[in-house]
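Trainee: First the structure, then my questions, so here it is.
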Amino acid sequence: MNSVFDPPRLARLLVSWEIGSSVGRQFAIEAKREGAEFIEAEHMLLALAASPDSDAARLLTEFGLDHERLAAALQEERRRTLAFVGMKATETKVGEATELDSSPSLGTSAKVAVRRALIGSRHDRRRPRLRGTDLLAGILEAEFGTVPRALAIAGIDRAALLSRARGPE
(Lines give C-alpha, C1' and ligand atoms only; values in the text may rest on other atoms or scores of the structure.)
Protein backbone atom coordinates (compact mmCIF):
# COMPACT_ATOMS: atom_id res chain seq x y z
CA MET A 1 0.00 0.00 0.00
CA ASN A 2 2.87 2.40 0.71
CA SER A 3 4.04 2.25 -2.90
CA VAL A 4 0.76 3.90 -3.96
CA PHE A 5 1.78 6.95 -1.93
CA ASP A 6 5.31 7.47 -3.21
CA PRO A 7 5.66 10.90 -4.89
CA PRO A 8 5.67 9.75 -8.56
CA ARG A 9 2.58 7.57 -8.12
CA LEU A 10 0.85 10.21 -6.04
CA ALA A 11 1.48 12.76 -8.81
CA ARG A 12 -0.21 10.42 -11.33
CA LEU A 13 -3.12 9.91 -8.94
CA LEU A 14 -3.55 13.66 -8.45
CA VAL A 15 -3.88 14.17 -12.21
CA SER A 16 -7.20 12.32 -11.95
CA TRP A 17 -8.25 14.65 -9.13
CA GLU A 18 -9.67 18.07 -9.77
CA ILE A 19 -6.98 19.49 -7.49
CA GLY A 20 -4.28 18.56 -10.01
CA SER A 21 -0.57 18.02 -9.78
CA SER A 22 0.25 21.70 -9.12
CA VAL A 23 -1.40 21.38 -5.70
CA GLY A 24 0.51 18.11 -5.26
CA ARG A 25 3.74 20.03 -5.80
CA GLN A 26 2.50 22.61 -3.31
CA PHE A 27 2.27 19.82 -0.69
CA ALA A 28 6.02 19.36 -1.01
CA ILE A 29 6.69 23.10 -1.03
CA GLU A 30 4.73 23.54 2.21
CA ALA A 31 6.67 20.70 3.83
CA LYS A 32 10.02 22.12 2.65
CA ARG A 33 9.04 25.61 3.84
CA GLU A 34 8.63 24.18 7.32
CA GLY A 35 11.80 22.12 7.07
CA ALA A 36 9.81 18.89 7.41
CA GLU A 37 11.18 15.59 6.22
CA PHE A 38 7.73 14.29 5.28
CA ILE A 39 4.55 15.74 3.80
CA GLU A 40 1.92 15.60 6.52
CA ALA A 41 -1.79 16.45 6.58
CA GLU A 42 -1.10 20.02 7.71
CA HIS A 43 1.05 20.60 4.61
CA MET A 44 -1.77 19.29 2.43
CA LEU A 45 -4.22 21.59 4.20
CA LEU A 46 -1.93 24.59 3.68
CA ALA A 47 -1.56 23.67 0.00
CA LEU A 48 -5.33 23.45 -0.43
CA ALA A 49 -5.71 26.86 1.22
CA ALA A 50 -3.02 28.32 -1.06
CA SER A 51 -4.95 27.39 -4.21
CA PRO A 52 -7.57 30.21 -4.33
CA ASP A 53 -9.45 28.80 -7.32
CA SER A 54 -10.15 25.44 -5.69
CA ASP A 55 -13.40 24.37 -4.10
CA ALA A 56 -11.51 23.47 -0.91
CA ALA A 57 -9.92 26.95 -0.64
CA ARG A 58 -13.30 28.62 -1.16
CA LEU A 59 -14.82 26.50 1.60
CA LEU A 60 -11.89 27.19 3.95
CA THR A 61 -12.30 30.92 3.22
CA GLU A 62 -16.02 30.71 4.07
CA PHE A 63 -14.94 29.45 7.49
CA GLY A 64 -12.42 32.27 7.84
CA LEU A 65 -9.32 30.21 7.05
CA ASP A 66 -6.94 31.53 4.46
CA HIS A 67 -3.35 30.37 4.08
CA GLU A 68 -1.97 33.01 6.46
CA ARG A 69 -4.45 32.36 9.27
CA LEU A 70 -4.00 28.61 8.90
CA ALA A 71 -0.20 28.94 8.97
CA ALA A 72 -0.46 31.10 12.10
CA ALA A 73 -2.73 28.55 13.81
CA LEU A 74 -0.32 25.74 12.93
CA GLN A 75 2.62 27.74 14.25
CA GLU A 76 0.74 28.39 17.51
CA GLU A 77 -0.15 24.70 17.75
CA ARG A 78 3.53 23.81 17.37
CA ARG A 79 4.50 26.37 20.03
CA ARG A 80 1.89 25.05 22.48
CA THR A 81 2.83 21.42 21.87
CA LEU A 82 6.50 22.15 22.49
CA ALA A 83 5.64 24.19 25.61
CA PHE A 84 3.59 21.27 26.91
CA VAL A 85 6.69 19.06 26.92
CA GLY A 86 8.85 21.82 28.39
CA MET A 87 10.54 23.03 25.21
CA LYS A 88 10.63 26.50 23.75
CA ALA A 89 9.87 27.00 20.08
CA THR A 90 12.63 28.72 18.18
CA GLU A 91 11.77 31.88 16.35
CA THR A 92 13.85 31.03 13.30
CA LYS A 93 12.03 31.76 10.12
CA VAL A 94 12.43 29.22 7.37
CA GLY A 95 12.99 30.74 3.95
CA GLU A 96 10.54 30.63 1.10
CA ALA A 97 10.60 27.25 -0.63
CA THR A 98 10.28 27.59 -4.37
CA GLU A 99 12.49 24.87 -5.87
CA LEU A 100 12.41 21.25 -4.87
CA ASP A 101 15.63 19.26 -5.04
CA SER A 102 13.71 16.11 -4.19
CA SER A 103 10.15 15.43 -3.20
CA PRO A 104 9.61 14.49 0.42
CA SER A 105 7.65 11.30 1.01
CA LEU A 106 4.18 11.29 2.45
CA GLY A 107 4.03 10.95 6.20
CA THR A 108 1.48 8.89 8.07
CA SER A 109 -1.13 11.62 8.53
CA ALA A 110 -1.00 12.49 4.81
CA LYS A 111 -1.35 8.84 3.75
CA VAL A 112 -4.33 8.40 6.05
CA ALA A 113 -5.93 11.61 4.70
CA VAL A 114 -5.54 10.43 1.08
CA ARG A 115 -6.93 7.01 2.00
CA ARG A 116 -9.94 8.65 3.70
CA ALA A 117 -10.48 10.90 0.66
CA LEU A 118 -10.49 7.90 -1.67
CA ILE A 119 -12.88 5.93 0.53
CA GLY A 120 -15.15 8.91 1.18
CA SER A 121 -15.49 9.80 -2.48
CA ARG A 122 -16.77 6.35 -3.43
CA HIS A 123 -20.22 7.16 -2.08
CA ASP A 124 -20.84 9.44 -5.07
CA ARG A 125 -20.33 7.49 -8.29
CA ARG A 126 -21.67 10.36 -10.40
CA ARG A 127 -18.39 12.24 -10.06
CA PRO A 128 -15.62 10.92 -12.30
CA ARG A 129 -12.86 12.69 -10.36
CA LEU A 130 -12.00 13.41 -6.77
CA ARG A 131 -12.39 17.00 -5.67
CA GLY A 132 -10.28 19.15 -3.38
CA THR A 133 -13.11 18.96 -0.87
CA ASP A 134 -12.73 15.15 -0.85
CA LEU A 135 -9.13 15.57 0.28
CA LEU A 136 -10.17 18.33 2.68
CA ALA A 137 -12.72 15.95 4.23
CA GLY A 138 -10.05 13.25 4.46
CA ILE A 139 -7.81 15.67 6.35
CA LEU A 140 -10.60 16.92 8.61
CA GLU A 141 -11.77 13.44 9.60
CA ALA A 142 -8.76 13.14 11.92
CA GLU A 143 -10.05 13.62 15.44
CA PHE A 144 -6.59 13.89 17.00
CA GLY A 145 -3.33 15.44 15.89
CA THR A 146 -1.89 18.65 14.59
CA VAL A 147 -4.74 19.70 12.29
CA PRO A 148 -7.60 19.32 14.81
CA ARG A 149 -5.57 21.14 17.47
CA ALA A 150 -4.70 23.98 15.05
CA LEU A 151 -8.33 24.34 13.98
CA ALA A 152 -9.39 24.52 17.64
CA ILE A 153 -6.78 27.24 18.23
CA ALA A 154 -8.19 29.16 15.25
CA GLY A 155 -11.71 28.80 16.68
CA ILE A 156 -12.95 26.74 13.74
CA ASP A 157 -15.79 24.24 14.18
CA ARG A 158 -14.08 21.20 12.64
CA ALA A 159 -17.30 19.14 12.59
CA ALA A 160 -19.21 21.86 10.71
CA LEU A 161 -16.37 22.33 8.22
CA LEU A 162 -16.14 18.56 7.71
CA SER A 163 -19.88 18.35 7.13
CA ARG A 164 -19.68 21.05 4.45
CA ALA A 165 -16.62 19.42 2.85
CA ARG A 166 -18.47 16.12 2.54
CA GLY A 167 -21.33 17.93 0.85
CA PRO A 168 -24.91 16.72 0.63
CA GLU A 169 -25.25 13.05 1.50
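Trainee: Can you report the number of residues in segment 76-94 which are modelled with pLDDT of 85 or more and part of a loop (DSSP other than H, G, I, E, B)?
Mentor: Result for segment 76-94: 0.
Trainee: Any idea which residue in segment 101-140 is farthest from Leu151 (Cα to Cα), counting only those that are exposed (fewer than 14 other Cβ atoms within 10 Å of the Cβ) and modelled with pLDDT of 80 or more?
Mentor: Among those that are exposed (fewer than 14 other Cβ atoms within 10 Å of the Cβ) and modelled with pLDDT of 80 or more, it is Ile119.
Rundown of residues vs (1) touching a residue at least 40 places away in the same chain (Cβ under 8 Å); (2) under 23 Å from Pro104 (Cα atoms); (3) crowded, with 18+ Cβ neighbours inside 10 Å, yes/no style:
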site	(1), (2), (3)
Glu37	yes, yes, no
Glu42	yes, yes, yes
Leu45	yes, yes, yes
Ala49	no, yes, yes
Arg58	no, no, no
Glu62	yes, no, no
Asp66	no, no, no
Leu74	yes, yes, yes
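Trainee: A further question on this structure: Identify, from the list Ala71, Ala41, the residue that is within 20 Å of Ala137 (Cβ to Cβ), under 13 Å from the mean Cα position of the chain (by Cα) and modelled with pLDDT of 90 or more.
Mentor: Step by step, each of Ala71, Ala41 is checked, and only Ala41 is within 20 Å of Ala137 (Cβ to Cβ), under 13 Å from the mean Cα position of the chain (by Cα) and modelled with pLDDT of 90 or more.
The values are calculated or read from the model by the stated rules, or taken from the named source; none is laboratory data. None of the values given here were measured: they were computed from a predicted structure. As a convention, Cβ positions derive from the backbone with ideal geometry for all residues, glycine included, and neighbour counts pool all protein chains shown.
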